[in-house]
Structure formats: structure tokens, C-alpha cells
1. For volume of the Cα convex hull per residue in Å³, the choices are [x] 144; [y] 199; [z] 123; which was calculated from the structure?
2. Out of every Cα pair in the range 186-281, what percent are spaced more than 18 Å from each other?
3. Once both axes come from the Cα atoms, what is the angle between helix 2-19 and the longest principal axis of the chain, in degrees from 0 to 90, rounded to 10?
4. Once every DSSP H run of n ≥ 4 in the chain is given -39500 (n - 2.57) and the sum is divided by its residues, what mean residue ellipticity at 222 nm do you get, rounded to the nearest 500 deg cm²/dmol?
5. Using DSSP loop states and a limit of at most 15 other Cβ atoms within 10 Å to flag GluC sites (Glu not before Pro), what is the longest stretch of the chain containing no flagged site?
6. From the cross-link list Lys229/Lys275; Lys115/Lys255; Lys81/Lys151; Lys81/Lys128, which pairs have alpha carbons spaced over 22 Å apart?
7. Roughly what would the spin-label model give for Lys81 and His216, points 7 Å off Cα along C-beta, in nm?
8. The chain: longest stretch without exposed chymotrypsin sites (Phe, Trp or Tyr not before Pro) (DSSP loop, at most 11 other Cβ within 10 Å), sites themselves excluded?
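No value in this document is a laboratory result; all are computed from the given coordinates. Keep in mind that what you see is a predicted model, and the values were worked out from it rather than measured. Methodologically, a virtual Cβ is constructed for each residue, glycine included, from the backbone with ideal geometry; neighbour enumeration extends over all protein chains shown.
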Amino acid sequence: MKKFMFIAASAIIIVLISLQFFRPEISHPPVTGDLQAPTNVKAILVRACYDCHSNQTNLRWYDQVQPVYWQVAEHVRQGRKGLNFSNWDKLSPMDRKGKLWEAVNQIEQGAMPIKSYAFVHTDAKVSKQDLEVLKNYLIGMVHETPDDTAKIHARNKQLQAKTNQTQQNLPESLNGITYIPDYNNWQVISTSDRFDNGTMRVIYGNDVAVKAVKEHHINPWPNGTIFAKAAWDKLEDKQGNVTTGAFKQVEFMIKDNVKYRTTNGWGFARFKTPKLKPYGKDGMFTTECINCHKPMKDNDFVFTFPIKN
């Protein structure tokens, strides 16, 4: 028995040593344009985000030991793909605000930093005080314009040119999902305010989704669940009253573990403007969708937290 244990332990050691020689590359491309932000904001982002979301990855000694190195290399690859602070100059001002809003939102939801990463890299954790600093910085980038004439004009233009969509002529997304015209008759599941781009959103749920909420069966959501997230310009007058402006888009998420197994059980579709133009250049646009939702893996890839009555 002792001989067997010795042989098994020796084999494991040999395998672990051998693994050290098979290592994916973590490159360090040049920084073309780093994020410029106040010192306290930059310090939080560098500590919590830069190892995976910049070209300035700082590998600790324990990061370089296999098989941990493989996981770290994948975190870096995926992180830079979604957000890279070292290429900040390549983003438009609106996209910069959007990326920061997404980052802060995912931190607030507990999706970032990734729990397995933060467990080992404890300095990457973001405290409540850190989060408030980031949120205040982001809010400070937004300049509200009460009675925005451009948005009012866009809304009025839409109202004057109503698009007639018939049941026989419903648009279809590039991955085969047909627009669902009666979503606005569904129950409201949640709302959100994209203050980074001046839009307000309402998330509707079909009967399956509503039943799941009532029965606390939302992780995972059952097959047949459909969410519709509709977005409008946010209009605010000088008295602070908020109303919807021009319609921007509606997005659908449809749960079917079999049909949409390649995108973690969710089908995605987006229809833009009142003309309901399908989003994307081809059916692969769904890759963009699921990559955005990956940080919410522990919440069945759903950002929506139902409003509690």
C-alpha cells in the first residue's frame, strides 16, 4: 500500500512539474493611451481591474504556477477583450462612459472582480467606500440637460411618423428570433437608468418569468422565460419631472437550454428604432451578447434583479 501511495504521489509530482513547461503566453503590448482619472479613482481601478483589463498585467509568483497560470491567462485574454484601459484612446467619449458604467455596474452586482480571482488576489476586492468613489466619478461625467431640445425633437419626430408593424410582417433577428409585439403588455420585472448615455429602460417578463419570480425560481430561470428590455431617451424638465423620449430599442432574452446551448441557454435579439431594425451584421452578434453577460454567470447570466414587492 505504501509503495502504491509513493508511486501515485511521484506521478502527480511529475505531472505538475511537466505542466510548468506548457504555458500560454501573456503578452504585454504597448499602452497606446491609458485612462486618465483622478488619483483616488485611478488607484482603485489599477488595483482591482488592471491585472486583467490592461496591458500592464502584474503576475505574482503564485500566478505563474501551473495550473493556476492557465486560469490567469484566460482571465487576462477575456478581460482585455471586453475592456482594455491601455487602449482607452481608441474609444469615443460616449463609449468610454459606457464601458465605465458597465464596469461599475458589474462591481455593484458582485460580478466583478471575478470571485475566484478576488479570493486569491484579496487586494483586488472593491469595498463599499471604493464603489462610492467610482460611482461619484461616473456621475460627475454626466451632464444633465433639462428640456433637451434635441431629444424633444427626436421624440416628436417619432410621434409624427408612427411605424405600422403588422402581425404578418414582423421583423426577424439574424439568428432567427422573431420580434414579439405584445411584450409591453407583460408585467414589469425591473427598471434601470443608464445615466451614462441618458436612457431609461423597462424590463418586462412573460408569464413564465413572472411565475418564476413568485416561486423564487430565478437561478436558474426556467426554460420558456422571456425578458424584453425596452429603452427610451430620458427627458427631464427643469422641475425634475422625468418622461420617456424617443424609443431607442428593445432587446429580448429567451431561455431554452437545448436550442441556445451554445450561448449558455439564452437566445438574444435586439431591434433598434421604431423601424425595429435587427441588430448585428450576422448571427454571430450573439457572441457579443453572451460575452457581456458572462460576469453574471452565478446569476444565470442575467443582470436583472426582480423588483421586490
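1. Label of the calculated value: [y].
2. Details: 2488 of 4560 pairs.
The share of Cα pairs beyond 18 Å in the range 186-281 comes to 55 percent.
3. 60
4. On the way: 10 runs with 111 residues, N = 309.
After summing the helix terms and dividing by the residues of the chain, the value is -11000 deg cm²/dmol.
5. On the way: sites that count: Glu25, Glu144, Glu215.
The segment 26-143 is the longest one with no such site.
6. Lys115/Lys255; Lys81/Lys151; Lys81/Lys128, as the Cα separations exceed 22 Å there.
7. 3.7
8. 23-309
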